[in-house]
Structure formats: structure tokens, C-alpha cells
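The values are calculated or read from the model by the stated rules, or taken from the named source; none is laboratory data. Keep in mind it's a predicted model, so treat the numbers as computed, not measured. We place every Cβ from the backbone using ideal geometry, glycine too, and count neighbours over all the protein chains shown.
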Amino acid sequence: MFLKEFRAVVFQNVLILCASAVLWKQTTATATQVTRPRGVSLARASLYIPDSDFTCLDGSATFPFRYVNDDYCDCQDGSDEPGTSACPNGSFYCRNLGHEATVVPSSRVNDGICDCCDAADEYQSGANCVNTCKELGSAAQEEAQKRYELESQGYAIKLEYINKGKHAKQSQQERNMALKAEQLEAEALRSEKEREKQEAEEPERQALDKYRQIEQEAMKEKEEMERSQREGEASKAFDWLDSNQDGKLQVEELQTHTAFDQNQDGTVSPDEAKFFLHNEEEMEKNEFVTTGWPLIKPFIMKAQGLEAPSQPEQQAGEIPLPDDHHQEESIPETDGEEGEEEDEEHEEEGEIVKPSPVTPSSIEYDAETQALIEAANKARNAYDEADRRLRDLEREIRQLEESNSKDYGPNEEYQPMDGQCYEYSDREYTYKLCPFDNGSQRPKHGGSETRLGSWDSWDGPEGSKYAAMKYDKGVQCWNGPQRSLKVHLSCGMENQLLSVSEPNRCEYEMKFTTPAACSEPRKPNDGDSEFHDEL
Ligand code: MAN
């Protein structure tokens, strides 16, 4: 406070006459400009009125105007020293006539380095700053003009996209309405065909029931015959193996047949023989017929040079009949009459085993039943067709509604990108983005495609939601999260995938340009931004 009073006195008594001159010297003044202290923007000029006291812009203090730019910092916000480096937090406004106005920190004022292109920040340092604003201004102007032209072209394409998108939406809605009407008709037709089918199937069912009964009986008969053939064969085999005819098979009896020599050492050991008797010393005929013969039969067949079935349960086929008592490993005929009978019996069995002529596929129906079947078939086909038609319609409606519910931007401008795919290759992978569908990665040197994510939502920052897209639920990363992808969109003349990165493992980012992201371009101004700077 004391210092301030002292300085005020000095100013009042010694420099009072020069004060206004100094102050005015520190202003910029051209014919078209409002006069204001050095370092103050046009927008703030009205806050610096030479004839009245100055109030710091943060309202913290008020003092005579001559304190402004007196190279002493009075305001906490540095607003009293816009044209000197006295305040550490002050800022200096470069007018930069011919180019863009800029604001630099006060500390750069008269520091010997040229910051403003009009050299205004170095008015006392002796640095030989040259005013380069005109050159910079025209280069920037040229650049801005080029950008404007490109943006205009991009925007023109965007307008086409908007047109296409809106048109597509409208035709989808029309198609949807038409499909809904067709769906109603198709539902009615299917109900009608269903009723006709039921009406035709009932008499068919009644007629077929009769045949089904006959069929079942024939099947039963066939099974019975097969079973008895199997048992006959087993019984005959038993009699042949039971060489002492005591009604039981013993180990010794089996040992006489090389067919049971499993380890091929030339003899059938008791253990080898016992294996076929379920590890017992002997086996009764009943047991042999049900479970013994199925085990033994493949070995006999093998010894006869026949292919043995792989599953013992499936052994019920015929094997050559025994015809020579002495022929090893052939089931022999029994001596005398009995043998002849067996032989005959077997021949009979051979005939019976032939497949039954009554199988479901070979049934011949009477003309009336046949007509009923044909009528029912016709009704079934008609129903199937009506059902298929309805399901096709429902599927198409679902797809349309799915596509209709997608957010293609505020004016449908992103709609033309749906259904397209764009690629980008780096050293290792070829990446593919199919907007509104998915993103993927394919190794360049072979290997399968990995899905990085499926379309989820718009994901731009608040206020510019349409600046980014999110694709998630990609293929699970090994020991990590499911892959996901973020696509950053910017204005460009064409739809193009510019770059792909993986900032975190299995989290991918793409840069994509598209005319759909262009905004209506603003004509570049004349390069003098003096009237555009803001408070
Ligand atoms: C693959 C690629 C990579 C990813 C690893 C993670 O090699 O999908 O992008 O980083 O898997 O294990």
C-alpha cells in the first residue's frame, strides 16, 4: 500500500504531463481500429476506457487508468498489464494484421523471441522481428481455400448420401407395409391349407391303420422266423460240438477244435477252451443257444475262411452247413436219418431266412387307399408351401425391421455405408470394416479371420456422438477380454479405412474417412481475424 501511494505521487508530480502521451504511445491505432492499450483484443477494448478508472477484469480492484500497462502488476488476474510482461498470469494479444490474431502468455513479451507474426510482442527487446503476417496470411488463406473446396466436395457427396439414405428408409418402410399385408394373406392361406391337410389326413390315417396292423404282424412273423433260424443253427452247432452227446459241452470237447486256438500255438489250452464256456468247465444247451453260440460262431466262421461279423450280437447270419463229419471246423451232419433231417431242416431254414416280402416300403395299397394317400400328400405339400411362404415373409420383415431400427445418423447419411466393406493392410494383417455389421482381422500369411467385434452403437464423445462407432463382442482374446473395436470417423472425400492400431491387447482402433462425416463448410474469411476473436 505504501509503495502504491509512493508511486502514485511520483506519477502525479513528475510524469503527470507525459502520462497520457505514454499511454497513447502504447496503443495501436489505425484508421479503422478502436484505440486500445497494447496487448488488448478488439473484443476487450471496451473494458479499457482511458477516461475512467480501470477495474480488473476479475473485479478484484479498481484504480486509475494510468496503472494499465505501467509495467507493474496490480490485478490478480493480470488484466492491468496486457501489454507488458509484469504479470506472470497475464496474456498478450497479437493483432497479427493480415493473418490470424493470437494470444501469447505475457512472459513472452519482450523476451527476445518473436512470437507474434506482426512482431508486436517484441516492441522493446531489440529483437529484430520482421512482420511476416502477410506471407503467413496468404499461405493460410490458400490452405483454407483448398480445405474449403475439399470440404465442399465432401459435403456435396454427403448430400447425395442423405438423399440415398432417406430414399432407402422410405422404400424400406413401404416394403415393410407391403410385406405386412402379404403376411396377413399368407397367414390366412396357411390356416386354410392346414385345415385341408387335417381333413385329408384323417381318412388316410384310418385307411393306413389297417395296413399298419398287417405290417406289424408280418414284422413279428419275420422276427420270429429269424429267431428260430438262429436257434436252429445254434442247436445244430451244439450237437456237433457235443461229441460225447451228453447234452453238455465240456472243455475237452472244445479242445479238439483248432478254431479255439486263440494264441495259434497249435493246441487249444484248457483256458482257451474255458473262455468259450464263460470260464466254466461245461455249458448246457440252453445257455449255449442264447449266449454261447454268439461268442463261438465268429471263431468257427474264421476257421472256415469266412468273414466274421465284428459284433457277436450280429452273428445271426448263415454259415455253411456241416456236410463232412471229418472236415475240421465244419459243423458236421449228424449220422443217419437224423443228419438228413437236419440237412433238410436247414435248407428249409435257408429259404425262410430270405427277407420278408412285407416291408413298409413294399406295401401295395388298394386303389382307394392309394387315392387317399395321394390326396393327403397333395394337401401336405400345399400346406408346406404355404408355411414356407409365410416363414420367408416373416424372415424378410425381421431383416427389414432390424435394418430400419439402425441409427444411420441424424439425416440417414451413413446408410449407404451399410452393406459395404473396406480393407486396410499393415505388415501382419488385413483388416476389414463392414460398417453397421462387423470388423475383422485376417493374417496376411495364412490363417483364419478373427472377428474384432460386431456393430453395437455410436460412441463419439458428448456432443458429437456420430464421431465414433463401437463394435464389441469379438472373439475372446487368449487369457484376456473379448476383442472390441472403436472406429473414429472424420470428413474425407471417400469412404476409406486409413489406419488400424491396437493400443491395448485385443482393443482395436480404426481411423476412417467418409463424406458422411463432413459438415457444411464455412467460406474462409479474408485472413484478418480481428473481428472474430472472442471475449
Ligand atoms: C492375435 C491377434 C492380435 C492379438 C493377439 C492376442 O495374434 O488378434 O491382434 O493381440 O491375438 O493374443
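Figures for the structure shown
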item: Verdict on ILE162 being closer than 26 Å to CYS491 by Cβ and either touching an Asp or Glu at 6+ places or on another chain (Cβ under 7 Å) or not hydroxyl-bearing (Ser, Thr, Tyr) (or both); result: yes
item: Close pairs from region 475-494: first more than 15 Å from the ligand (Cβ to nearest atom), partner of a type outside the set (Asp, Glu) and part of a loop (DSSP other than H, G, I, E, B), Cβ under 6 Å, at least 6 apart; result: CYS491/CYS518
item: Residue within region 273-281 that is touching a residue at least 24 places away in the same chain (Cβ under 8 Å), under 21 Å from ALA303 (Cβ atoms) and either within 60 Å of the chain's Cα centre (by Cα) or not in a loop (DSSP other than H, G, I, E, B) (or both) present; result: no
item: Region 446-463 - residue that is among the polar types (S, T, N, Q) and more than 10 Å from the ligand (Cβ to nearest atom) and, of those, nearest to the chain's Cα centre (by Cα); result: SER454
item: Set PRO410, PRO443: member being loosely packed, with under 13 Cβ neighbours inside 10 Å, modelled with pLDDT of 95 or more and within 14 Å of the ligand (Cβ to nearest atom); result: PRO443
item: Filter result (at pLDDT 90 or above, within 16 Å of ALA120 (Cα to Cα) and part of a loop (DSSP other than H, G, I, E, B)) within region 24-63; result: ARG38, GLY39, VAL40, SER41
item: Members of region 386-414 that are closer than 30 Å to GLN206 by Cα and free of Cβ contacts under 8 Å to residues at least 12 places away in the same chain; result: ARG388
item: Those residues of region 116-143 which are among the aliphatic types (A, V, I, L, M) and either within 18 Å of PRO515 (Cα to Cα) or assigned to a loop (DSSP other than H, G, I, E, B) (or both), in sequence order; result: ALA119, ALA127, VAL130
item: TYR466 vs. criteria among the hydroxyl-bearing types (Ser, Thr, Tyr) and touching a residue at least 40 places away in the same chain (Cβ under 8 Å); result: yes
item: Whichever residue in region 506-525 is outside any strand (DSSP E or B) and surrounded by 12 or more Cβ atoms within 10 Å (Cβ to Cβ) and, among such residues, is farthest from the ligand (Cβ to nearest atom); result: ASN525
item: Output for region 97-115, where each listed residue is over 53 Å from the mean Cα position of the chain (by Cα), crowded, with 18+ Cβ neighbours inside 10 Å and more than 16 Å from ASN69 (Cα to Cα); result: LEU97, GLY98, CYS114
item: Test for PHE238: is it in contact (Cβ under 8 Å) with a residue 40 or more places away in the chain and either touching a Lys or Arg at 6+ places or on another chain (Cβ under 6 Å) or over 30 Å from ILE373 (Cα atoms) (or both); result: yes
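One line per residue, one yes/no per condition, for (1) over 46 Å from the mean Cα position of the chain (by Cα); (2) closer than 30 Å to ARG108 by Cβ; (3) modelled with pLDDT of 95 or more:
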residue: SER125; (1), (2), (3): yes, yes, no
residue: THR132; (1), (2), (3): yes, yes, yes
residue: LYS146; (1), (2), (3): no, no, no
residue: TYR161; (1), (2), (3): no, no, yes
residue: HIS167; (1), (2), (3): no, no, yes
residue: GLN173; (1), (2), (3): no, no, no
